[in-house]
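A quick write-up on the structure given underneath.
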Amino acid sequence: MVTGSGRRGGRKAAADEEDEGCCAGTLDTMTHPCCCGWTQTALLLAALRPPLTAAGSQADPAAPPPGGRVAAVMYRSVRHYRVAISPTRPACCPYTPSCSTYAVQALHHHGALRGGVLILARLLRCRPGAARRRGFRDPVPSPTVGRAGDRIRPSTVVMRPPGRGG
């Protein structure tokens, strides 16, 4: 501190600098962590945290969460991508529905095993040339469609007793 060096108000200027501290010149001293205290910053972050995480925990509008544990874990990871990562990037999927919507629907309709295979196949063909050949549409296959494309309906399956031909 300056004492009696011929400058007027030397003590007052030094006291003003001490009062301002390191937060002098910052626009928002509530979030400045150096001298304003970590408690204020922690309270601010705690107040902002529920809205940030609440969006990822809600059900996706494309399909509700699947029932299985593994499918639910896969669903949450796709949901995290849709809520946290996808909004920050430009849309680039050539298909309708998008690959993330396809993934959510495939997990809901088919579960972890078949849904995972469908998702992997979709991601491998997600390029403009393949999309053009498919007319830019690639919906999730119905769970009732068999491998040969035949529809299997439980009401049309007839069980016959053994020994009677037919």
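For segment 76-94, does any single residue satisfy the condition of being among the aromatic types (Phe, Trp, Tyr), touching a residue at least 12 places away in the same chain (Cβ under 8 Å) and open to solvent by less than 60 Å² (accessible area, probe 1.4 Å)?
First, the residues of segment 76-94 that are among the aromatic types (Phe, Trp, Tyr): 81.
Pick out the ones that are also touching a residue at least 12 places away in the same chain (Cβ under 8 Å) and you get 81.
If we keep only those that are open to solvent by less than 60 Å² (accessible area, probe 1.4 Å) as well, we get none.
No, because not a single residue in segment 76-94 is among the aromatic types (Phe, Trp, Tyr), touching a residue at least 12 places away in the same chain (Cβ under 8 Å) and open to solvent by less than 60 Å² (accessible area, probe 1.4 Å).
Failed condition for VAL73, given (1) of a type outside the set (D, E, K, R); (2) open to solvent by 50 Å² or more (accessible area, probe 1.4 Å); (3) modelled with pLDDT under 95; (4) over 18 Å from the mean Cα position of the chain (by Cα), with all others met?
Against the list (1) of a type outside the set (D, E, K, R); (2) open to solvent by 50 Å² or more (accessible area, probe 1.4 Å); (3) modelled with pLDDT under 95; (4) over 18 Å from the mean Cα position of the chain (by Cα), VAL73 comes up short only on (4).
Can we say GLY67 is part of a loop (DSSP other than H, G, I, E, B), touching a Gly at 6+ places or on another chain (Cβ under 9 Å) and surrounded by fewer than 17 Cβ atoms within 10 Å (Cβ to Cβ)? Give the derivation first.
On the way: part of a loop (DSSP other than H, G, I, E, B): yes; touching a Gly at 6+ places or on another chain (Cβ under 9 Å): yes; surrounded by fewer than 17 Cβ atoms within 10 Å (Cβ to Cβ): yes.
So GLY67 passes the test.
Hey, any hits in segment 133-147 for a residue that's surrounded by 13 or more Cβ atoms within 10 Å (Cβ to Cβ), at pLDDT 90 or above, assigned to a helix (DSSP H, G or I) and in contact with a Phe, Trp or Tyr (Cβ under 9 Å, 6 or more places away or on another chain)?
No, segment 133-147 has no match at all.
The values are calculated or read from the model by the stated rules, or taken from the named source; none is laboratory data. What you see is a predicted model; the values in this text were computed from it and never measured. Reconstructed Cβ throughout: ideal geometry from the backbone, glycine too, with neighbour counts over all protein chains shown. Ligands, DNA and RNA are excluded from the accessible area calculation, which covers all protein heavy atoms including side chains. Shrake-Rupley method; radii C 1.70, N 1.55, O 1.52, S 1.80 Å.
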